[in-house]
Amino acid sequence: MQVAAQVREIRKARHLSQRQLASRMQVPRTYISKIENGKAIPTLGSLERLADALEVDVCQLVRDARSRRDEAVAAILADPFLAEIAALLPQLDSLHRTLFYGSVRDLSMGKRRTA
């Protein structure tokens with residue numbers, strides 16, 4: 001579990017300082033610092049208070065890399081165009097898939113391919 005990284009990421013996304021978060025939890029600022037640096041492991045009660053202070057569900061604090069990746073994939077596939085492309089990719093042979101990836105990479109970097 002990457003609780004430390006999640007707490008830091010969510011706190012920063014909410015534009016909160018460690019001091020502000022500590023105030024919301026009624027704990028010393030150093031406790032927040034220790035959590036974010038992996039030097040303190042919050043208890044279940046502290047996780048609940050952290051979640052309340054950050055206005056998130058406790059599950060968001062204890063997500064692992066797989067669940068974050070699954071959420072990212074779901075967000076990408078929510079776009080109908082990208083979902084259609086993703087459904088077609090398995091039908092390409094390896095050469096055409098490689099050419100397709102190269103073209104997309106070049107387009108994303110502002111390059112143009114010439115025939």
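Some observations on this one:
- Taking a ≥ b ≥ c as the square roots of the eigenvalues of the Cα gyration tensor, segment 52-110 is classed as prolate, since a/c reaches at least 1.5 and a/b is larger than b/c.
- Chymotrypsin sites (Phe, Trp or Tyr not before Pro) within segment 1-108, DSSP loop, no more than 16 other Cβ atoms inside 10 Å: none
- Degrees separating the helix 3-13 axis from the principal Cα axis of the chain, which is the longest one: 80 degrees
- Highest-fluctuation residue, Ile76, Ile35, Ile85 considered, GNM on the chain with Cα pairs under 10 Å: Ile85
- Between Asp93 and Cys59, the FRET efficiency from the beta-carbon distance, with R0 = 30 Å, is close to 0.15.
- Karplus 3J(HN,Hα) series, Hz, for segment 68-82 with 6.51 cos²θ - 1.76 cosθ + 1.60 (x for Gly, Pro): 5, 5, 4, 5, 5, 5, 4, 5, 5, 6, 5, 7, x, 5, 5
- Order of Glu55, Glu36, Glu71 - criterion: other Cβ atoms within 10 Å of each residue's Cβ, fewest first: Glu55, Glu71, Glu36
- Degrees between helix 44-54 axis and first principal axis of the chain (Cα, 0 to 90, nearest 10): 70 degrees
- Calculated mean residue ellipticity, 222 nm, the chain: -20000 deg cm²/dmol, from DSSP H runs (n ≥ 4) at -39500 (n - 2.57) each, averaged per residue and rounded to 500.
No value in this document is a laboratory result; all are computed from the given coordinates. All values derive from a computational prediction rather than experimental measurement. Reconstructed Cβ throughout: ideal geometry from the backbone, glycine too, with neighbour counts over all protein chains shown.
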